[in-house]
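Comments concern the structure below.
The values are calculated or read from the model by the stated rules, or taken from the named source; none is laboratory data. In this text, all values refer to a predicted model and were calculated from it rather than measured experimentally. When we count neighbours, we look across all protein chains shown, and the Cβ atoms used for this are built from the backbone with ideal geometry, even at glycine.
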Amino acid sequence: MRQIEYEIINTVEKLFADKKIDIFIGYKKGTLSLQTSPYFLSEQDDVRKLVWNSFCSNNLAVFIPRIIPNSKSKESKPVGILCKGCDSRSLVGLIKEKQINRDNLFIIGISCPGIVDRRKILSRLDGKEIIGIDEDADSIVVKLKDGEKRFEKEEYLCESCLNCAHPTPSIYDVLIRGAVYSLQAITPDPITKDFSSKPREERWKIFETEVSKCIRCYACRDACPNCYCKECFAEQTKPQWLGVSKGLSEVIFYHIVRILHQAGRCVDCGACVRACPMDINLRLFTRVMVDEVKERFGYEPGISLKDTPPLATFSADDKQEFMTEPE
Ligand code: SF4
Ligand code: SF4
Ligand code: SF4
C-alpha cells in the first residue's frame, strides 16, 4: 500500500509541476478510525497528505459534475482525480450522460484490491476504543488499549467488492497497478439472486422492512455520482411529488423512484450503502437492477464509452414480458 501511495503522490506532484492540472481529488486520512476523507488539493496544498488504503471508500466521481463545467474554456485545465474501478465506471456514465467532458479530466486509475467494510470490523470490537491502525497486503491490524486484533481483508470486504467484476478502471490517463483481489465475480450476485427467487409478497415485505428504517437524510443520494439533478424530485415543491415526512408510503415512494432511476446506470460501487446511517441494505435492490439490466439487455454500465445505455435506445428484440406479462 505504501508503495502505491508513493506512486500516487509522485504522479500528482509531476502533474502540478508540469501545469497539467490545477486541482486534484484524492483521499486523505479521515477524522474517524477506519475512514478516509475526500481531499481536494491545489498546487499550494500538501500533496504528501494523499493516502491510499483499504478505507478509501468514497466514489470520488460524485464531485465531478458539481465542480467542473461541461464545456471546456481554453484557459481551464483538466481536473485530476484518483479512480478505482467503480469510480471510473461512474465517470463513463457521467460522460455518456453529457454531465462532463472527457477532456476536462486527468484520471489516475488504480487497480483496486477492494474496500474493507468498517462496520464489519467495528462489530467485532465490542465498542472498544481504537488507538491505531496498521495495514499490510492481506490484513488490517486494529490497536486497542488492551492489545490488538488482526482482520483478514478478504473476509471483511464490502459486499459490492466481494462480487466486483471490474476492479481495474475502464478509462484512465495513467494506471497504477496495485494487487487486485482474486475473488470470482458472479452474475447474478448470489445475495440478490436469493432475494429475486423469493415470492413477490416476500420480496415486498423485505423491501418494506428495510426502507421503513429510512430517516430521509438523503446521504445515499448525495454519495451517488448518478444523483446529480440540481433539484431532486424528493425535495421539489413545484410540483411536489411527495411530502417531507418519514411516513412509510413517502419513504417507499422515494426509494422506488431512486432505485428505478438507477436502471442501466448503477455501477454497484456501494457508496450509498456505506453512507446510510441506518444501515439499510440498499444494495439488495440496486444490485437486482444491475443484474436485471445485464440479463435482459446485455448491458453493464461504465465499461465502454461507445455502447448505448438500454434506456436510451430501442431494439425490436428487447425482452418485454416483464411489462406485458408481469408475474
Ligand atoms: S466495487 Fe470494485 S472497484 Fe469499486 S471499490 Fe469495490 S473492488 Fe474496488
Ligand atoms: S446507487 Fe449506490 S451502488 Fe449504485 S452507483 Fe449509486 S452509490 Fe453506487
Ligand atoms: S442514507 Fe439511508 S436513511 Fe438516509 S435517505 Fe438514504 S436510505 Fe434513508
Checking A185 against (1) surrounded by 16 or more Cβ atoms within 10 Å (Cβ to Cβ); (2) within 15 Å of ligand 1 (Cβ to nearest atom), which single condition isn't satisfied? (1)
List pairs: first residue in the range 31-58 and touching a residue at least 60 places away in the same chain (Cβ under 8 Å), second residue aromatic (F, W, Y) and buried (at least 17 other Cβ atoms within 10 Å of the Cβ) anywhere in the structure, Cβ distance under 6 angstrom, at least six positions apart or on different chains. L34/F55; Q35/F55
Here are the criteria: (1) surrounded by fewer than 18 Cβ atoms within 10 Å (Cβ to Cβ); (2) within 12 Å of ligand 3 (Cβ to nearest atom). Tell me which single one F233 does not satisfy. (2)
With criteria (1) within 16 Å of ligand 1 (Cβ to nearest atom); (2) over 30 Å from K98 (Cα atoms), G243 comes up short on (1)
Consider the range 238-261. How many of its residues are in a helix (DSSP H, G or I) and out of contact with any Cys (no Cβ under 6 Å at 6 or more places or on another chain)? 12
Single condition S139 does not satisfy, out of (1) touching a residue at least 40 places away in the same chain (Cβ under 8 Å); (2) surrounded by 15 or more Cβ atoms within 10 Å (Cβ to Cβ); (3) under 22 Å from I176 (Cα atoms): (1)
Test each condition in (1) within 15 Å of ligand 2 (Cβ to nearest atom); (2) touching a residue at least 60 places away in the same chain (Cβ under 8 Å) for C229 and report the one that comes out false. (2)
Of (1) over 30 Å from I21 (Cβ atoms); (2) of a type in the set (S, T, Y); (3) in contact with a Gly (Cβ under 6 Å, 6 or more places away or on another chain), Y156 satisfies every one except (3)
Candidate set: the range 5-24, residues that are in contact (Cβ under 8 Å) with a residue 60 or more places away in the chain and not hydroxyl-bearing (S, T, Y); chosen: the one surrounded by the fewest Cβ atoms within 10 Å (Cβ to Cβ): K20
When the residues of the range 268-327 are narrowed to those that are in a helix (DSSP H, G or I) and of a type in the set (S, T, N, Q), which ends up farthest from ligand 1 (Cβ to nearest atom)? T324
For residues that are over 11 Å from the mean Cα position of the chain (by Cα), among the hydrophobic types (A, V, I, L, M, F, W, C) and over 13 Å from V257 (Cβ atoms), scanning just the range 215-230, find the one that is farthest from ligand 1 (Cβ to nearest atom). I215
Which residue, of L122, L91, is at pLDDT 95 or above, farther than 30 Å from K20 by Cα, out of contact with any Lys or Arg (no Cβ under 7 Å at 6 or more places or on another chain) and not charged (D, E, K, R)? L122
What's the number of the condition G264 fails, among (1) away from ligand 2 (no atom under 16 Å from the Cβ); (2) outside any helix (DSSP H, G or I)? (1)
Assess whether I191 counts as being exposed (fewer than 15 other Cβ atoms within 10 Å of the Cβ), on the phi < 0 side of the Ramachandran plot, touching a residue at least 12 places away in the same chain (Cβ under 8 Å) and among the aliphatic types (A, V, I, L, M). no
One residue from K246, K238, K294 being away from ligand 2 (no atom under 12 Å from the Cβ), surrounded by fewer than 19 Cβ atoms within 10 Å (Cβ to Cβ) and within 20 Å of T209 (Cβ to Cβ): K246
